[in-house]
Amino acid sequence: MTVKDRQLPDSHGYFGQYGGKFVPETLMSALDELEQAYLDAQADPEFQQQFQKLCREYIGRPTPLYPAQQLSAKIGGATILLKREDLAHTGAHKINNALGQGLLAKRMGKTRIIAETGAGQHGVAAATVCAMLNLQCIVYMGEEDVQRQSSNVFRMKLLGAEVRPVSSGSRTLKDAINETIRDWVTNIHNTYYLLGSVVGPHPYPMIVRDFQSIIGEETKEQVMTMYNRLPNYLVACVGGGSNAIGLFHPFFHEKSVKFIGVEAAGRGLETALHAASLVAGRSGVLHGTKSHLLQDKSGQIQTTHSIAPGLDYPGVGPEHSYYKETGRATYVGVTDAQALEGFRLLCETEGIIPALEPAHAIYYAAELAADLPQDQLIAINLSGRGDKDLDIVAEAMGMNL
Ligand SMILES: *Cc1c(COP(=O)(O)O)cnc(C)c1O
């Protein structure tokens, strides 16, 4: 194998200089146990079949690849295709990973699942899968988020999960993650930490990427069937980076396919109110992994902002840092106001209400498409549906629901 063909991450969990396991000694053996169990499961056709079967019968996969003809015609440039993760059970891509890891936890004989959540989307996906697989589920959530996202808290409770509010620090996602890690250290014997994006210490960025790669694998097959060629561009929003890596990774060796990751530029990159870790951050260690971070001069993690709750995180998965550094992918920022334009554009042209996260990708792809000829194919990951965001959008439009 040449260096270029090398499987990523390497055996120590690095993607180039990014990734690794920066955790207390007490977690090292748990991470090793997890990695071994995962590699065993990955090599076991029965496990893979079980995952594929539930993807079909429970999640509703494959999700369609939809040629957005009205949107493309309105823009008058390249042909835009939408990978419809919004049609997956629970309305977003997060369920793919939650299902995969839920099955892995069962296989490892763990009976207690813990998860962290910011806006509540990952908490809902984890609670959903735990209900279906009959696993106990505890979700840590910052007190601030518990108040802001009350309908997701209610959803998790309906699904039988226990939601534990976290009152330390800024009372948001990063504090919830710290609390989840604390729980894991204490209850390692029977507890599985179900992590929600391609972040955290090795092997999580690899495991989550592999389960989310079903998005890109299906897309590849669907584009080939429909157009008999590969797409020219893949565009996806990047919070922690799981829906983007899931789309990109299966095309890694297809050098003609360009990857564009769209981060939240919030109120503007010139303000401190954004969440563009790759575009505006620098290398550092957070939550067990080395990657791009938003930090101040002394290395303190910055408070982030995005109109899209799922993009509001100061770090990003290490594989994206590697793609950025090697030029395999390009990362750009889209502001709150531009994302709202993307949101309305898709509602009005296609009758699809997108989540605010992929609305960032829609805005950027529309700009890109305008400058390209019609024979160019742009596939956008429509990572989720917008029902969860109606309050935020109404408020931004000066309306009261
Ligand atoms: C959580 C979420 C995201 C951001 O997470 P990634 O790990 O970057 O994919 C994007 N879209 C939707 C709909 C989400 O719920």
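The values are calculated or read from the model by the stated rules, or taken from the named source; none is laboratory data. This one's a predicted model, so the numbers in the text were calculated from it and none came from an experiment. Quick reminder, even Gly has a Cβ in these numbers, built from the backbone with ideal geometry, and neighbours come from all protein chains shown.
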Matching residues, segment 270-328, being aliphatic (A, V, I, L, M) and either closer than 17 Å to CYS237 by Cα or within 16 Å of the ligand (Cβ to nearest atom) (or both):
ALA275, ALA276, LEU278, VAL279, ALA280, LEU286, LEU293, LEU294, ILE307, ALA308, LEU311, VAL316
Evaluation of ALA337 against (1) of a type outside the set (Asp, Glu); (2) surrounded by fewer than 24 Cβ atoms within 10 Å (Cβ to Cβ); (3) closer than 22 Å to GLN69 by Cβ (one fails), failing number:
(3)
Count, please, the residues in segment 57-76 that happen to be within 21 Å of GLU221 (Cα to Cα) and outside any helix (DSSP H, G or I).
9
Criterion: under 21 Å from the mean Cα position of the chain (by Cα), touching a residue at least 60 places away in the same chain (Cβ under 8 Å) and either surrounded by fewer than 16 Cβ atoms within 10 Å (Cβ to Cβ) or more than 13 Å from the ligand (Cβ to nearest atom) (or both) - qualifying residue of GLY76, GLY118, GLY100, GLY60:
GLY100
Which condition from (1) surrounded by 24 or more Cβ atoms within 10 Å (Cβ to Cβ); (2) within 16 Å of the ligand (Cβ to nearest atom); (3) modelled with pLDDT of 95 or more is the one that ASP86 breaks?
(1)
Filtered residues of segment 340-364 (kept if surrounded by fewer than 22 Cβ atoms within 10 Å (Cβ to Cβ) and either outside any loop (DSSP other than H, G, I, E, B) or within 16 Å of the ligand (Cβ to nearest atom) (or both)):
LEU340, GLU341, ARG344, LEU345, CYS347, GLU348, THR349, GLU350, ILE352, ILE353
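Hey, which of the strands (runs of 3 or more DSSP E) in segment 77-161, taking only ones fully inside, have at least 1 residues that are under 23 Å from ALA244 (Cα atoms)?
79-84, 112-117
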If you check SER197 against the conditions, is it part of a loop (DSSP other than H, G, I, E, B) and either within 16 Å of the ligand (Cβ to nearest atom) or modelled with pLDDT of 95 or more (or both)?
yes
Go through segment 205-262 and give me each residue that's within 11 Å of the ligand (Cβ to nearest atom) and not in a helix (DSSP H, G or I).
ALA236, CYS237, VAL238, GLY239, GLY240, GLY241, GLY261, VAL262
Would segment 304-317 turn up any residue that is surrounded by fewer than 18 Cβ atoms within 10 Å (Cβ to Cβ) and either more than 19 Å from the chain's Cα centre (by Cα) or β-branched (Val, Ile, Thr) (or both)?
no
Name the residues in segment 365-377 that are under 23 Å from GLY310 (Cα atoms) and either of a type in the set (Val, Ile, Thr) or surrounded by fewer than 24 Cβ atoms within 10 Å (Cβ to Cβ) (or both), would you?
GLU367
When residues of segment 365-380 are limited to those that are within 18 Å of THR63 (Cα to Cα) and in contact with a Ser or Thr (Cβ under 8 Å, 6 or more places away or on another chain), the one farthest from the ligand (Cβ to nearest atom)
ILE378
How many residues of segment 378-392 are buried (at least 23 other Cβ atoms within 10 Å of the Cβ) and modelled with pLDDT of 95 or more? The answer is 7
How many residues does segment 271-303 contain that are of a type outside the set (Val, Ile, Thr), exposed (fewer than 15 other Cβ atoms within 10 Å of the Cβ) and in a loop (DSSP other than H, G, I, E, B)?
5
